[in-house]
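Below is one structure, written out as structure tokens, with a few remarks after it.
The values are calculated or read from the model by the stated rules, or taken from the named source; none is laboratory data. Note that this is a predicted model, so its numbers are computed, not measured. Reconstructed Cβ throughout: ideal geometry from the backbone, glycine too, with neighbour counts over all protein chains shown. Accessible surface areas use protein heavy atoms only, side chains included; no ligands, DNA or RNA. Shrake-Rupley method; radii C 1.70, N 1.55, O 1.52, S 1.80 Å.
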Amino acid sequence: MQLLAGKTALIFGVANKRSIAWGIAQAFHQHGARLGLSYAGPALERRVRPLAESLGVSFVEPCDVGSDEEIARVAEKARSAFGEIDILVHSIGFALREELQGPYYNTSREGFHVAMDISVYSFVALARAFQPMLRPGGALLTLTYYGSEKVAPNYNVMGVAKAALEASTRYLAYDFGPHNVRVNAISAGPIRTLAAAGVTGFKDMYRQFAETAPLGQEITIEDVGNTAVYLCSDLAAKTTGEVVFVDAGYNILGVPVKRREMEEND
Ligand code: NAD
């Protein structure tokens, strides 16, 4: 069954074949969506174009979401190419590398600003720019992480930014409700991507994750893609403003201990 047949989706945040945005693009393609892809800038083009071509996608546009002019330019291009769109995916996050290590209180004013601008405000800016061309029944989707709710060492200002992103998801859901456009976030467990590599200690955290999570499994971009299909399809027609976990159940744990170690100690 193709859950997105007849729908047009724009996906922001493909950097390479490991990107969560790419997992979402593949799942949307399998479910019959017409796609457009956007990437941060010229340096990524040689990686993103072949991926787009492999799915027969011809709308492939650079857009630095730190620039209102670039967002406006892509929105205009999308209007000429598609007229209206049904789905917009924001799979973008960025913080200065030096902010993802050491104590949170060392966050610089500039580092705080950059993380909030690129990882949070850009979702609001995209929502505003694309609002006039979003078809009723449509959906906006962003990507978040559990570091918004609980302390994940070294995640620092990104945790604070994700908290703001989740709050923005609720406010946008309220704004877009009367247009029958839904706004949700997926909170994904750790996946080895370019963005994740910037977080100090990510590898250790990643290694321990599957041994600790209730389902005992790693999270893949396919897992996230499948949930994205559901949230952006009519199956989720009455779900908005939510943060949906794709984390093998990790977030339900009050005491995250490796299962094997606990059994050995019994
Ligand atoms: P990724 O590096 O593949 O994707 C991040 C994307 O953000 C890249 O495509 C990058 O080019 C883009 N980006 C950064 N600055 C930009 C700018 N100024 N303009 C436009 N695009 C810009 O890594 P990912 O893990 O796929 O990250 C996607 C989203 O998923 C992020 O919001 C991330 O925080 C979130 N997330 C990741 C994980 C994980 O473990 N990988 C877990 C939960 C949530």
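Beyond 29 Å between alpha-carbons counts as too far, so tell me which of K17/K203; K17/K162; K162/K258 fall in that bin. Numbers along the way, then the final one.
On the way: K17/K203 19 Å; K17/K162 23 Å; K162/K258 26 Å.
In this structure, no pair lies more than 29 Å apart at Cα.
Please report, in debye to the nearest 20, how large the charge dipole of the chain is about its Cα centre when each Lys and Arg carries +1 at its beta carbon and each Asp and Glu carries -1 there.
Numbers: 25 positive and 29 negative charges, 89 e Å.
With only Lys, Arg, Asp and Glu charged at Cβ, the dipole is about 420 debye.
Magnitude of the charge dipole for region 20-116, about its Cα centre and with charges confined to Cβ atoms of Lys, Arg (+1) and Asp, Glu (-1), is about 280 debye. The label-point distance for E261 and F82, in a model that sets each label 7 Å from Cα toward Cβ, rounds to 4.5 nm. Under a 5 Å amide H cut-off, with hydrogens placed 1.01 Å from N, F245 pairs with S187 among residues at least 5 apart or on other chains.
Reducing region 21-76 and region 134-151 to their Cα centroids gives an inter-centroid distance of 18 Å. Per-residue Karplus couplings for region 40-54, computed as 6.51 cos²θ - 1.76 cosθ + 1.60 with θ equal to phi - 60°, are listed in order as 5, x, x, 4, 9, 4, 5, 8, 7, 4, x, 5, 4, 4, 5 Hz, Gly and Pro entered as x. Charged neighbours of T227, selected by a Cβ distance under 13 Å, balance to -4 (K, R count +1; D, E count -1). Per residue, the accessible area of the chain comes to 49 Å², computed with a 1.4 Å probe over protein heavy atoms only.
Work out the charge dipole of region 8-265 with +1 on the Cβ of Lys and Arg and -1 on the Cβ of Asp and Glu about the Cα centre, then indicate which of N16, T193, Q208 is farthest towards its positive end. Final value for the positive-end residue is N16.
For the chain, the share of accessible area belonging to carbon and sulfur comes to 52 percent (1.4 Å probe, ligands and nucleic acids excluded).
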